[in-house]
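Chemist: Got a structure here, written out as structure tokens. Questions coming.
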């Protein structure tokens, strides 16, 4: 492969990446376990609280669009993500998603905030999310997209899917905990 061809392929890859979505996960809380995820969500409704709306559409319809993109994204746990949970939902558990918050927020604070100020529709999308037990955060992540054509854009649905996978990791990495035992720790 020639050098100019490699440079062209790399430039194309970078340009394509610039228009796509990205998700960055925070480290799960030490209390996060798959057992608790199963307790909170298996074979039941799991409440989703949606703050903001990056599209000029009805908030209820936007909530359905978001939860539809979240379905079947917890490894080994069948749940129903919904903004209108029934009596099967465990009251202490929920997912909070904030679209285009107007203030700088720590993801860990999302579970304790009753309202989150958000920007009006339009422009790039930033979404902050958390899986909550009561007012505590078990997991959290941030995702963003530079360009969104419509609420039906497959890239938007992929962003929500990736956020859900990030909020419910199947296992903890050995690197999630500091295992340093030396004097320089």
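Chemist: From 31, 11, which residue is out of contact with any strand residue (DSSP E or B) (no Cβ under 6 Å at 6 or more places or on another chain), modelled with pLDDT under 95 and part of a loop (DSSP other than H, G, I, E, B)? Explain how you work it out, then say what you get.
Modeler: On the way: 11 fails: part of a loop (DSSP other than H, G, I, E, B).
Matching residue, one of 31, 11: 31.
Chemist: Related question: Give the number of residues within region 70-83 that are more than 17 Å from residue 139 (Cα to Cα) and either in a helix (DSSP H, G or I) or free of Cβ contacts under 8 Å to residues at least 24 places away in the same chain (or both).
Modeler: Matching residues across region 70-83 total 2.
Chemist: Could you list, in sequence order, all residues of region 124-136 that are touching a helix residue (DSSP H, G or I) at 6+ places or on another chain (Cβ under 9 Å), surrounded by fewer than 20 Cβ atoms within 10 Å (Cβ to Cβ) and in a strand (DSSP E or B)? Don't jump to the end; show me each part of the working.
Modeler: The initial filter retains those residues of region 124-136 that are touching a helix residue (DSSP H, G or I) at 6+ places or on another chain (Cβ under 9 Å), namely 125, 127-136.
Retained after the next criterion (residues that are surrounded by fewer than 20 Cβ atoms within 10 Å (Cβ to Cβ)): 133-136.
Listed by number, the residues that qualify are 133, 136.
Chemist: Now, a different point. Just one of (1) touching a residue at least 40 places away in the same chain (Cβ under 8 Å); (2) part of a helix (DSSP H, G or I); (3) buried (at least 19 other Cβ atoms within 10 Å of the Cβ) trips up residue 67, so point out which.
Modeler: Going through (1) touching a residue at least 40 places away in the same chain (Cβ under 8 Å); (2) part of a helix (DSSP H, G or I); (3) buried (at least 19 other Cβ atoms within 10 Å of the Cβ) one by one, residue 67 breaks only (1).
Chemist: Right, something else. Within region 139-149, identify whether any single residue is loosely packed, with under 12 Cβ neighbours inside 10 Å and at pLDDT below 95, and answer yes or no.
Modeler: Filtering region 139-149 down to residues loosely packed, with under 12 Cβ neighbours inside 10 Å leaves 149.
Those still in the list that are at pLDDT below 95 too: 149.
Within region 139-149, one or more residues are loosely packed, with under 12 Cβ neighbours inside 10 Å and at pLDDT below 95.
Chemist: Also, quick follow-up: Look at residue 52 and say whether it is out of contact with any strand residue (DSSP E or B) (no Cβ under 9 Å at 6 or more places or on another chain) and either under 13 Å from residue 168 (Cα atoms) or at pLDDT 95 or above (or both).
Modeler: Values: out of contact with any strand residue (DSSP E or B) (no Cβ under 9 Å at 6 or more places or on another chain): no; either under 13 Å from residue 168 (Cα atoms) or at pLDDT 95 or above (or both): yes.
The answer is no for residue 52.
Chemist: What residue, of 169, 121, is in a loop (DSSP other than H, G, I, E, B), out of contact with any helix residue (DSSP H, G or I) (no Cβ under 7 Å at 6 or more places or on another chain) and under 21 Å from residue 79 (Cβ atoms)? Write out each step before concluding.
Modeler: Numbers: 121 fails: under 21 Å from residue 79 (Cβ atoms).
Just a single option satisfies the conditions, and that option is 169.
Chemist: If you scan region 84-113, which residues turn out to be surrounded by 19 or more Cβ atoms within 10 Å (Cβ to Cβ) and assigned to a loop (DSSP other than H, G, I, E, B)? Can you show your working first?
Modeler: Here is the first cut: in region 84-113, the ones surrounded by 19 or more Cβ atoms within 10 Å (Cβ to Cβ) are 89, 93-100, 107, 110-111.
Of everything in region 84-113, those that are surrounded by 19 or more Cβ atoms within 10 Å (Cβ to Cβ) and assigned to a loop (DSSP other than H, G, I, E, B) turn out to be 89, 100.
Chemist: Going through region 103-119 one residue at a time, which ones are modelled with pLDDT of 95 or more and under 14 Å from the mean Cα position of the chain (by Cα)?
Modeler: Within region 103-119, 110, 111 meet the criteria.
Chemist: Can you name the residue in region 150-166 that is part of a helix (DSSP H, G or I) and more than 11 Å from the chain's Cα centre (by Cα) and is also surrounded by the fewest Cβ atoms within 10 Å (Cβ to Cβ) among such residues? Reasoning before the result, please.
Modeler: Filtering region 150-166 for residues part of a helix (DSSP H, G or I) gives 154-166.
Narrowing the set further to residues that are more than 11 Å from the chain's Cα centre (by Cα) leaves 154-157.
Numbers: 154: 10, 155: 15, 156: 22, 157: 17.
The residue in question is 154.
The values are calculated or read from the model by the stated rules, or taken from the named source; none is laboratory data. Worth saying up front: this structure is predicted, and the values here are computed from it rather than measured. Glycine also receives a Cβ, built like all others from the backbone with ideal geometry; neighbour counts cover every protein chain displayed.
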